[in-house]
1. Identify all residues within segment 76-89 that are surrounded by 16 or more Cβ atoms within 10 Å (Cβ to Cβ) and either touching a Cys at 6+ places or on another chain (Cβ under 7 Å) or more than 20 Å from THR146 (Cβ to Cβ) (or both); write none if there are none.
2. Taking segment 38-57 only, how many residues are among the acidic types (Asp, Glu), free of Cβ contacts under 8 Å to residues at least 12 places away in the same chain and either in a strand (DSSP E or B) or on the phi > 0 side of the Ramachandran plot (or both)?
3. Kindly indicate which of SER38, SER46, SER114 is within 19 Å of VAL28 (Cβ to Cβ) and of a type outside the set (A, V, I, L, M, F, W, C).
4. Kindly indicate whether any position in segment 90-113 is exposed (fewer than 15 other Cβ atoms within 10 Å of the Cβ), touching a Leu at 6+ places or on another chain (Cβ under 7 Å) and without any contact (Cβ under 8 Å) to a residue 60 or more places away in the chain.
5. On the given criteria, is LYS76 touching a residue at least 40 places away in the same chain (Cβ under 8 Å) and of a type in the set (Lys, Arg)?
6. Could you please let me know if SER128 is closer than 23 Å to GLY32 by Cα, hydroxyl-bearing (Ser, Thr, Tyr), surrounded by fewer than 18 Cβ atoms within 10 Å (Cβ to Cβ) and at pLDDT 90 or above?
7. Quick check on my filter: what residues within segment 89-120 are under 14 Å from the mean Cα position of the chain (by Cα) and part of a strand (DSSP E or B)?
8. Of a type in the set (A, V, I, L, M) and in contact with a helix residue (DSSP H, G or I) (Cβ under 7 Å, 6 or more places away or on another chain), is that true of LEU55?
Amino acid sequence: MKKFLFISIYIFLTALNSLGQFVKEFPVWLVGTWQIESEHGFSYESWEIVSDNFLKGKTFRVFGTDTIVFDTMNLKISENKIIYELTATANSKKVFAGYVLTRLTEDLWRFENSITDFPTAIIYQKLSPQKVYVWTEARNKDAICTDFTMTKIK
């Protein structure tokens, strides 16, 4: 019985420790409000912490007293993987899709989905604590992809 209890505690602590190390790598540096400047004015991307393994985000634009939300996103840990979720296009239909992290470096986070047509990848490159460069890729190499620099304002 003691051996079973010892093994159970060991497995629990090992799992807790590995989860803690994984969560430590979670991109909490995205939390806050980011401003995106374009020829049409300013839009924003904001991220908030929901829990230790879940961030909720949105992209939006403010027109006077009105706010138009373009998209909502989630960043979460699911089955020991960091997943980025947002609305995408697959076979000419809108779908809510998950993108698996294929992180290249500490400051370059690439999320990919091999099923969607657009985007097939979303990439965040942390340039500094106050600047992040973002771009998307599409299955059709002739499709217009987006890229922009975000500046942290809160």
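1. Matches in segment 76-89: LYS76, ILE77, ILE82, ILE83.
2. Count: 0.
3. Only one candidate passes the filter, namely SER46.
4. Checking segment 90-113: not a single residue is exposed (fewer than 15 other Cβ atoms within 10 Å of the Cβ), touching a Leu at 6+ places or on another chain (Cβ under 7 Å) and without any contact (Cβ under 8 Å) to a residue 60 or more places away in the chain.
5. Values: touching a residue at least 40 places away in the same chain (Cβ under 8 Å): no; of a type in the set (Lys, Arg): yes.
Criteria not met by LYS76.
6. Judged against the criteria, SER128 is a match.
7. If the condition is that a residue be under 14 Å from the mean Cα position of the chain (by Cα) and part of a strand (DSSP E or B), then PHE96, ALA97, GLY98, TYR99, VAL100, LEU101, LEU108, TRP109, ARG110, PHE111, GLU112 are the ones that fit.
8. Spelling it out, LEU55 is indeed of a type in the set (A, V, I, L, M) and in contact with a helix residue (DSSP H, G or I) (Cβ under 7 Å, 6 or more places away or on another chain).
The values are calculated or read from the model by the stated rules, or taken from the named source; none is laboratory data. Because the structure is predicted, anything quoted here is derived from the model rather than measured. Counting neighbours? That spans all protein chains shown, and the Cβs are built from the backbone with ideal geometry, glycine included.
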